[in-house]
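Chemist: So that we are looking at the same thing, I have put the structure below in structure tokens.
The values are calculated or read from the model by the stated rules, or taken from the named source; none is laboratory data. As the structure is a prediction and not an experimental result, all values here were calculated from the model. Positions of Cβ are backbone-derived with ideal geometry, glycine not excepted, and every protein chain shown enters the neighbour counts.
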Amino acid sequence: MSNGTLSTQHELLSGLADNNAKLITAADVSNIVKSNYQPVMIWSGIFTRDNSTPGGNRWYSRTNYYNPDFFQPRSTGMGVENANQIWRFTNRGTLAINTTYTNIAVNPDPWYGTWQTFSNQYISKPATFNITTDGNGRVDSYEIVSCGQGWFGPAGNFSGSQWTYPGQTGVLNVAGFSGSSLPTVEFISPLTPVAQVSPTYWENPAWMISTNPNLPGDTVPGQGASLNHTFINTAVHRSNAQGKGEQRYNPGLWIGPEPGQTVITNPWNNRLQGEGWESGGNDVPQYVTLWRMPF
């Protein structure tokens, strides 16, 4: 029996068996579109290591696609500034009060470091938001119309009010406003780096995958009791962006504990763990997709 936004084949068909007895509603069609009783891709991206300054010799996740139904739901008010947001507002702006702006382009700032040339060739695509301001003209809530493509998430540790090595930042281009009046965001992404020490963070990097505890019928839908990404409900598909010589360790990636963890003291849910991504100075960029099962 499913609990989240995905449904089993039996559940999808049970209400549609006889259209003479039950008219197909818009809700039925929406449910079929969202859940067609097969694994659904919820995230796609590439992991690249930046060993320059200010890159911090860390691995960064670059998100090409994500399904918001499965990750940290967007917040409101001052909550939009929280570090657990997929898009964290670093400046809520000063716009017209109590106003809704639609289809606002969120333009990415240029990336830096080792992968600058590569990222300039494949430039991050703008996201698109609908935003609503409060009585002071600050962003109070937002809706993601398009999540954009190719935005870099942060690396390192979060301390105080920022990541040691921030994610890609961007500016909301609201007509009639400029400078510090414009809201700005930092892309945290659905994956946040696990705090690790040298050399683990480049050899065996890990990320926590955010979850969406909202119920499927909520305004911002989620997975309810099926919120966790686990070893059995989340499939990881990975390909090496470049090869490694036979003398190098073959890299791995999975949902679960650190390498060699045989005594399971907790479920290890929501952790994406890598091993052997760097050995002997040989980096291996990873192209990864995450899939959720319909149960």
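Chemist: So which residues in segment 175-234 are part of a helix (DSSP H, G or I) and under 30 Å from P257 (Cβ atoms), if there are any at all?
Modeler: T200, Y201, W202, E203, G224, A225, S226
Chemist: Confirm whether G156 is assigned to a loop (DSSP other than H, G, I, E, B), at pLDDT below 95 and closer than 25 Å to P205 by Cα.
Modeler: When the stated conditions are applied, G156 does not pass them.
Chemist: Among the residues of segment 37-53, how many are touching a strand residue (DSSP E or B) at 6+ places or on another chain (Cβ under 7 Å) and in a loop (DSSP other than H, G, I, E, B)?
Modeler: 1
Chemist: I need the full set of residues from segment 73-88 which are within 16 Å of the chain's Cα centre (by Cα) and in a helix (DSSP H, G or I), in order please.
Modeler: Matches in segment 73-88: V80 only.
Chemist: F89 is checked against (1) of a type outside the set (D, E, K, R); (2) touching a helix residue (DSSP H, G or I) at 6+ places or on another chain (Cβ under 6 Å); (3) exposed (fewer than 15 other Cβ atoms within 10 Å of the Cβ) and fails just one. What number does that condition carry?
Modeler: (3)
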